[in-house]
Every structure is written in structure tokens, then in C-alpha cells.
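One structure below.
Nothing in this text is a laboratory measurement; each read-out follows from the coordinates by a stated rule. Note that this is a predicted model, so its numbers are computed, not measured. Virtual Cβ from ideal backbone geometry, glycine too; neighbours counted across all protein chains shown.
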Amino acid sequence: MQHPNDDVLIEIALSHGNHPDAAHLDTCAECRRAVEEFVRAIDATASGPDRLEPASDDVWQRVLAEIDAPVELRTRSQGSAELQPTAPAAPKPRNRRRTLLAVAAALLIGAGIGRLTAGVSDEPTVATTTLARTPLSTLGDAPEELGEADLTRSGSTTQVRIAMNSLPSKGQIVEAWLINKDGRRMISIGFVHGTEPQQFVIDPRLLDEGYVIVDVSREPLDGDPKHSGDSIVRGTLPI
Ligand SMILES: [Zn+2]
């Protein structure tokens, strides 16, 4: 049996049955299934958010099963969501894979990346609120601003985000701290690596206790968990 190619099948899906090749579907279950998939994908794009999420999730699972490598979508407001195929990819003709990628692209354009990301991750979109921000500057008489720190809350999660424009580590490991306003107590919140912005989840009770000074220090690999005293930058969160 001669099957219409996928481009024609998409045209049939878009034509609501008025396509000259639509009669083929009466006798071919395989092409009928393919058209139904495309119709569902197109409907999902055209529908409101109520129908979009379950439909797009379903479509995405099929789309992702066609793609060899995992796809990662990043948006500034929502961080990242890794989209992994749940089923092993079955060998399929190349043209079907290409077509599903085209449908995926159409879905992204039609629905918006943010809404699709929310649908796939199955998590409600939680707004991130910035509670405070401080420049991070070198210590001494001529402080130089090398980065900044944000305090954010997203749902019940409180985070310190550190973004450095430059990080003079001098080959040592770099640790992030919250220092108490009393100037004596401090607690490590993790390690900073490179200049990509990094988020550190903290317990908000630290802020109530006065741990509001963000400090980034060079640390020798000597097994000593205490602050080395060699701070690169520091800034006080205005809260
Ligand atoms: Zn067919």
C-alpha cells in the first residue's frame, strides 16, 4: 500500500477531512493513527490551558521518545526542567522523527515554552520573589564590586543566589558563607564554582537570627571546616 508522506498527513490533519488524500485513511489504520496524533497535537496547541497540559504532556512523551538526546529547556523565571523520555526510543523511520520534531517546534511556538515546561514538570508555576539584594565587594579601603547576591523566596524555599562577574580563586576552593551581624558567628552555605550564578537553599530562621552578611572566601584544602579569613567579597543583605 502506498502511504502519503508525513507532510501530507499533517495537511490532512489540518484540513478536517477535506484533503484529496483523506480517503486513504478509510483503508489504512496506520495513517489514521498518525493523523490522529497530529490532530491531537494541533488541538493541544489551539486549546486553552485547561486542555493544553495533559495533551501536551502526552504529545511530549511521544516527541521525546523520538529524540536521541535528552532535551533541556531553560527559562529565566523558572530555572530548568529536564525533559527525559520515559520510554526507550524505538527505531522509526527518519521522516517520522523529523515530523514529530516539527510538531514539537510548532507546539513551542504556539503554546509558549513556559506553559509547556510547567505542563511537563507537572508542578504549578511558583513565583519567585526577590526579598533583598546586595553588591558583593572586596574588603579594604578601595572596595571593588565583583558580583552580587540575591535573597529569594519561591513557595516555601528560601535561597541565596550568588552571581560573580569575576572570581579570583587563586586556584583554591571557594566557599559561600552567611555571617551573623554580631561579626562572630558564621555558617557555610556551600561552594562557589566559576561565575555562573548559583543558588543556595537556606533555612529562613538563619535570617531571623541575624545571618545576613554574604561572604565568599578562598579556602585551602586542609580539612579545616572554619573560615580561612581570606574573604574575596562580602555584602550585607538589607533585610
Ligand atoms: Zn497509509
Checklist entry - Hey, how many Å between the Cα centroid of segment 204-232 and the Cα centroid of segment 127-194? => result 9
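Would you mind calculating the gained length between GLN199 and GLU144 on full extension (0.36 nm times residue separation, minus the Cα-Cα distance), in nm to one decimal? Intermediate results must be reported in sequence, preceding the final value.
Numbers: separation 55, 0.36 × 55 = 19.80 nm, distance 2.25 nm.
Between GLN199 and GLU144, full extension yields an extra 17.6 nm.
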Checklist entry - If you rank MET1, MET186, MET164 by fewest surrounding Cβ atoms within 10 Å, what's the result? => result MET1, MET186, MET164
Checklist entry - Listing PHE191, PHE38, PHE200 from the residue with the fewest other Cβ atoms within 10 Å to the one with the most, what is the order? => result PHE191, PHE200, PHE38
Next on the checklist: For a quick check: with amide H placed at 1.01 Å from N, whose amide H comes under 5 Å from VAL192's, ignoring anything fewer than 5 positions away on the same chain?
Outcome noted: VAL174, GLU175, ALA176
Item to check | Vicinal HN-Hα couplings computed from phi for segment 187-198 (Karplus, 6.51 cos²θ - 1.76 cosθ + 1.60; Hz; Gly/Pro x) | outcome: 9, 6, 10, x, 10, 9, 10, x, 9, 5, x, 10
Checklist entry - So between THR129 and LYS181, what do we pick up on full extension, going 0.36 nm a residue minus the alpha carbon distance? => result 16.4 nm
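Using 0.36 nm per residue of separation minus the Cα-Cα distance, give me the extension gain between CYS28 and ASP222 in nm, one decimal.
Working: separation 194, 0.36 × 194 = 69.84 nm, distance 7.10 nm.
Going from the current span to full extension adds 62.7 nm.
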Item to check | For LEU131, residues with placed amide H under 5 Å, excluding near neighbours | outcome: LEU151, THR152, ARG153
Checklist outcome for this item: Listed with the fewest Cβ neighbours within 10 Å leading, ILE173, ILE239, ILE10, ILE42 appear as ILE239, ILE173, ILE42, ILE10
